[in-house]
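A.B. asks: Shown below is the structure under consideration.
Just so it is clear, none of the values below were taken in a lab; they were calculated from the coordinates. Remember, it's a predicted structure, so these values are computed and weren't measured experimentally. For neighbour counting, all protein chains shown are included, and Cβ atoms are generated from backbone atoms with ideal geometry for every residue, glycine included.
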């Protein structure tokens, strides 16, 4: 088997506004994993919202070998926003932006 070196789009599911529970998301992920075959998946990387984090448990109960992670860039983005809120740092960032 040739290793996949690029991300691929698998499918899109249109859902109703009341279907954002962790269990609903886990069921959808598990169905997709089954379609692809769990032997072809090492990890699932998602955003870090509470309902998504709850879905990880549903995936890991079904597929112990699949890891679930929150996106590091997503976390870093929030961290940087909080750092910039510190007034002294904000002033330095603004000064640097004016240099460019």
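A.B. asks: Using a Förster distance of 25 Å, how high is the FRET efficiency between residue 23 and residue 78, based on the Cβ-Cβ distance and rounded to 0.05?
C.D. replies: 0.45
A.B. asks: Taking other Cβ within 10 Å of each residue's Cβ, how do 76, 32 sort, fewest first?
C.D. replies: Arranged by neighbour count, lowest to highest, 76, 32 become 76, 32.
A.B. asks: Please rank 39, 17, fewest neighbouring Cβ atoms within 10 Å first, as an exposure proxy.
C.D. replies: Result, fewest neighbours first: 17, 39.
A.B. asks: Something else: Rank these for me by crowding, 6, 65, going from fewest to most other beta carbons within 10 Å.
C.D. replies: 6, 65
A.B. asks: Where is the GNM fluctuation largest for the chain (alpha-carbon springs, 10 angstrom cutoff): 22, 72, 58?
C.D. replies: Looking only at 22, 72, 58, the largest GNM fluctuation is found for 72.
A.B. asks: Rounded to the nearest 0.05, what FRET efficiency do residue 87 and residue 50 give with R0 = 30 Å and r taken as the Cβ-Cβ distance? Could you check?
C.D. replies: 0.50
A.B. asks: So between residue 64 and residue 15, what do we pick up on full extension, going 0.36 nm a residue minus the alpha carbon distance?
C.D. replies: The residue 64-residue 15 span can extend by a further 15.0 nm.
A.B. asks: Still on this model: Take the chain, connect every pair of alpha-carbon atoms lying under 10 Å apart with a spring to form a Gaussian network, then pick out the residue of 67, 29, 89 with the largest mean-square fluctuation.
C.D. replies: Residue with maximal mean-square fluctuation among 67, 29, 89: 89.
A.B. asks: Here is a follow-up. Springs between alpha-carbon atoms under 10 Å, Gaussian network over the chain: tell me which of 25, 45, 13 tops the mean-square fluctuations.
C.D. replies: Between 25, 45, 13, it is 13 that shows the largest mean-square fluctuation.
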